[in-house]
1. Scan the range B:28-47 and report the pairs whose first residue is without any contact (Cβ under 8 Å) to a residue 60 or more places away in the chain and whose second residue is part of a helix (DSSP H, G or I) and within 14 Å of ligand 2 (Cβ to nearest atom), with Cβ atoms within less than 8 Å and a gap of 6+ or a chain change.
2. Working only within the range B:200-215, note down all residues that are over 11 Å from B:V33 (Cβ atoms) and either more than 16 Å from ligand 2 (Cβ to nearest atom) or of a type in the set (D, E, K, R) (or both).
3. Just for the range B:79-113: of the residues that are open to solvent by 20 Å² or more (accessible area, probe 1.4 Å) and charged (D, E, K, R), which one is farthest from the chain's Cα centre (by Cα)?
4. Please name all residue pairs, on different chains or six or more residues apart, with Cβ atoms under 7 Å, provided the first residue is in the range A:132-144 and is farther than 18 Å from A:I116 by Cα and the second residue is in a strand (DSSP E or B).
5. Restricting to the range B:27-53, give me the number of residues that are within 14 Å of another protein chain (Cβ to nearest Cβ), closer than 16 Å to B:V84 by Cβ and more than 13 Å from ligand 2 (Cβ to nearest atom).
6. Select from the range B:162-173 the residues that are touching a residue at least 12 places away in the same chain (Cβ under 8 Å) and assigned to a helix (DSSP H, G or I) and write down the one among them that is nearest to ligand 2 (Cβ to nearest atom).
7. Please enumerate the residues belonging to the range B:177-199 that are in contact (Cβ under 8 Å) with a residue 60 or more places away in the chain and either open to solvent by less than 10 Å² (accessible area, probe 1.4 Å) or out of contact with any Leu (no Cβ under 9 Å at 6 or more places or on another chain) (or both).
8. Can you tell me which of (1) of a type outside the set (A, V, I, L, M); (2) within 12 Å of ligand 1 (Cβ to nearest atom); (3) surrounded by fewer than 21 Cβ atoms within 10 Å (Cβ to Cβ) is the one B:F46 doesn't meet?
Amino acid sequence: MKYLSFYVLVIPNLILFILILLSGFLVKNKVNKQKNSLSIIDQLNHYSKLSGINTGYKLLVSLLLLIFCLLNGNIQVSILVIFITTFITVYFGKIDLSQYLKLFIIPFSFLILSCIAILLNFGTHLPTEVLASIKLWSFYIFVTDSSLLNSCTVFFRVLACISSLYFLIVNTPVDKILACLKHYHFPNVLIELMFLIYRFIFFLWEISIDMVTAAKLRFGFDSYPKTIKSIGMIGSNIFIVSFKKAQKFYNSMESRLYNGSLNFIFTESKVTPVEVGLFIFGICYFSFLYYSFQ
Amino acid sequence: MDILEIKDLTFSYGNEAVLKNVNLKLKKGEKLVILGANGSGKSTLFLIMNGVLKPDSGQIILDNSPVKLNKKGLRLLREHIGIVFQEAESQIIASTVFNEISFGLTNLGLSVDEVIKRTEETLDKLNIQNLRERAPHFLSGGEQKKVTIADIIAMKPEIVIFDEPTTSLDPIGVNNLKKILEDLSNESKTLVISTHLVNFAWEWADRIAVLNDGFIQKVGTPEQIFSDDELLYSAHLEKPILFELEDFLITKGLIKRGSYSRTVSELEEKLNLTLK
Ligand SMILES: Nc1ncnc2c1ncn2[C@@H]1O[C@H](COP(=O)(O)OP(=O)(O)O)[C@@H](O)[C@H]1O
Ligand SMILES: [Mg+2]
């Protein structure tokens, strides 16, 4: 009986978790048809109906949410945050839910690996409160109550953090974010770096997709040894191609008088009273959540 | 009047000499084609003209005064000369068309109002107001080309260089490009296009410079260039179809020798005259 509330809490969450996992795989099958899932971000944030809202406002909301999620250790509250950000993005931003979920595939795969690492314990003796265990020769791999709780907490906390950042990224074109950071005197070097890295992630991604397709068409992924060989060749190729591309990119920037500071121009809309109201309400609501679930 | 002169220019990537001795003069308001096979060094020459690459030796003379390749000189060059790069993908930098076009303008140090004004003007001029909030990376090839051209002409350079602009375009795109070029030419901009397409060069150019093996082998009117069989052979170029056809018709006595026709419709008119 001691652990009842714990299971009540964990089981629905586990179901949710499995559902998300499954949807991840379902979506994944579709991704192949579309050329790439990563550059979707760059497309979505222009179509989002929320992209017109003041960037500083969104940045602040997203950062506060992020901090809140980091401080908060409660699974239900994390799920609430995930739900709220998803709802806003999908309902008010008019972003397609499946497109939005696709964005979680990549962080998801990293996250699961780390959660498994937290979940499993190794040792030669079993502690008293073990949920499950396997004996391998002379030592045990086991899961305890606290490791289960821990890994679930971490899982949802990270997911909540990611979704609060996605709230910003999916609803705001990246140069708007950078222009905003610049406005608040964020160092130029960092802004430039962020921008170029952002651009190049897409370059690399697109190049690698094309190369993999081209290699597939020439039967480069037929068997395990061939796959390994192809991947190695593609890896070194990507390096060369991206280097060349970077050079061309920089040439064209230089010839347009680029001197190390990116200046993009935006007409920012004003923050409306409704938005201010929502903001204050949000602060109160989340403070309340934070203290009542401590 | 020469607006730009390139004198004894040499350049090599590492040990590989690409430009061995290039001499070229640009006349104000002319339409010059730089004709050369792949790998003959056209793109390299442009990057040097814009101060992106530093030549091993040689001079760039802008409005009769040699340009020093220091900070001030580079700015001068880049303000006067704009390059529309071959691959739109490597030129596009911003994530909306509007911002893409304003990129160069803000780098020029113009005021925000001026930047917005000029960007709007350029959007109107190229008829791409409908694209202004779109993400340039997801536009079609023809639209992307328009955006990259807009990038450059927004900065109002006197000389506009197009590096193989027709490569990624379909026939409609090429026609649009020709219209844009005509408009620019009417504004008395000096236009330079690199290409290996002889038919395009034949139709469009006032003058042609043939770049081969690191040298400008010959500069002249399209007629002069394409009647020089030896030159064409050594530079791996073919004759334009219209030019060859007209030669053929002349030898058959169907039309009289005069100035050559640059377009199909010109040739048609001539034929109609004789057939009447
Ligand atoms: N970044 C580079 N590094 C080394 N060699 C290069 C580089 N860019 C071009 N080249 C070489 O210089 C020559 C001229 O290239 P390029 O100017 O691009 O010719 P074109 O534009 O006429 O096709 C080619 O032989 C090419 O291999
Ligand atoms: Mg080239």
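The values are calculated or read from the model by the stated rules, or taken from the named source; none is laboratory data. In this text, all values refer to a predicted model and were calculated from it rather than measured experimentally. When we count neighbours, we look across all protein chains shown, and the Cβ atoms used for this are built from the backbone with ideal geometry, even at glycine. In case anyone asks, the SASA skips ligands and DNA or RNA and just uses the protein heavy atoms, side chains included. Shrake-Rupley method; radii C 1.70, N 1.55, O 1.52, S 1.80 Å.
1. Correct list of pairs: B:L47/A:N251.
2. Filtering the range B:200-215 down to residues over 11 Å from B:V33 (Cβ atoms) leaves B:212-215.
Across the range B:200-215, the qualifying residues are B:D213, B:F215.
3. B:D113
4. What qualifies is A:F139/A:F122; A:F139/A:G123.
5. The total comes to 3.
6. Keep residues of the range B:162-173 that are touching a residue at least 12 places away in the same chain (Cβ under 8 Å), which gives B:162-170, B:172-173.
Filter again for assigned to a helix (DSSP H, G or I), leaving B:172-173.
On the way: B:I172: 23, B:G173: 18 Å.
The extreme case among them is B:G173.
7. So the first thing to find is which residues in the range B:177-199 are in contact (Cβ under 8 Å) with a residue 60 or more places away in the chain, and the list is B:181, B:185, B:188-196, B:198.
B:L181, B:S188, B:K189, B:T190, B:L191, B:V192, B:I193, B:S194, B:T195, listed by residue number.
8. Looking at each condition in turn, B:F46 falls short on (3).
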